[in-house]
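Down below is the structure, laid out as structure tokens.
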Amino acid sequence: MTRNLFKILPLFLLLLSCENQNEKTQVADSSHTISADESKNSTSSKKYDIHNSSKLELVNLGVTIDDFKSMYSQFDIINEPLYEYGIDSEDSGYTVVKGDKKILFVWTMQGSNLITGIEVLSDDFTMKDGVQVGMSVEDFKKLYPSLKVYIDQLDYDSELIMVEGLNYHPIIKTSDSTRIALYENPQSSSYSTDIIRPHKKIDVIIIRK
């Protein structure tokens, strides 16, 4: 009988070892599943949420005014004339006010309900390339070395930066004595690439069709 016990014992130990290994595998798989779920939750938490993100989602051109108002329903929205924003028109647009700060202005063409122009007024928004209000001209030029600067012909207290292929234009509030660029003829509509005040910061970002 003792001899038979010695024959059976190794087989029993082998079966026990396999069972333990299987339990470890199941525990590892369970742990892996939890890890995957945690990863999924972590990824979904990175999705934009206007209530806990430090930056706000920027409305797009072509959005209806009703959708625009719904998008920023947690803020005050007031009507203001376009000419206050350097636009040659007696019509009014819509300004989003966060606390006591104006952060966004949009407008439509007369008779239309679709947004045709956007002015970003604060650093609550960031463009896809990282550009935002408050960025220096020097840092913007690092991104777009081929920029061209114009004096705004409708608002001589502003300079407009243009980059070929870019769908928005930074604006810097300046005067004849504080221009960011040096112009051969400041009274003409010609552009300059000679930046003389790179420390000046972007005041507004304008998006138009």
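The values are calculated or read from the model by the stated rules, or taken from the named source; none is laboratory data. No experiment lies behind these values; they were computed from the predicted model shown. Note: ideal-geometry Cβ built from the backbone for every residue, glycine included; neighbour counts use all protein chains shown.
The figures follow:
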quantity	calculated
Leu104 being more than 17 Å from Glu159 (Cα to Cα), in contact with a strand residue (DSSP E or B) (Cβ under 6 Å, 6 or more places away or on another chain) and modelled with pLDDT of 95 or more	yes
Only one of Glu57, Glu84, Glu90 that is under 19 Å from the mean Cα position of the chain (by Cα) and exposed (fewer than 14 other Cβ atoms within 10 Å of the Cβ)	Glu57
In region 125-156, the residues that are within 20 Å of the chain's Cα centre (by Cα), of a type in the set (A, V, I, L, M) and within 13 Å of Tyr168 (Cβ to Cβ)	Met127, Val131, Val133, Met135, Leu143
Residue tally, condition of a type in the set (Gly, Ala, Ser), under 20 Å from Lys102 (Cα atoms) and in contact (Cβ under 8 Å) with a residue 60 or more places away in the chain, over region 115-140	2
Region 157-169 - residue that is within 19 Å of Glu84 (Cβ to Cβ) and not aliphatic (A, V, I, L, M) and, of those, nearest to the chain's Cα centre (by Cα)	His169
Any hit, region 173-186, residues being surrounded by 11 or more Cβ atoms within 10 Å (Cβ to Cβ), under 30 Å from Gly62 (Cα atoms) and either hydrophobic (A, V, I, L, M, F, W, C) or not assigned by TED's automatic domain parsing to the domain that holds Tyr72 (or both)	yes
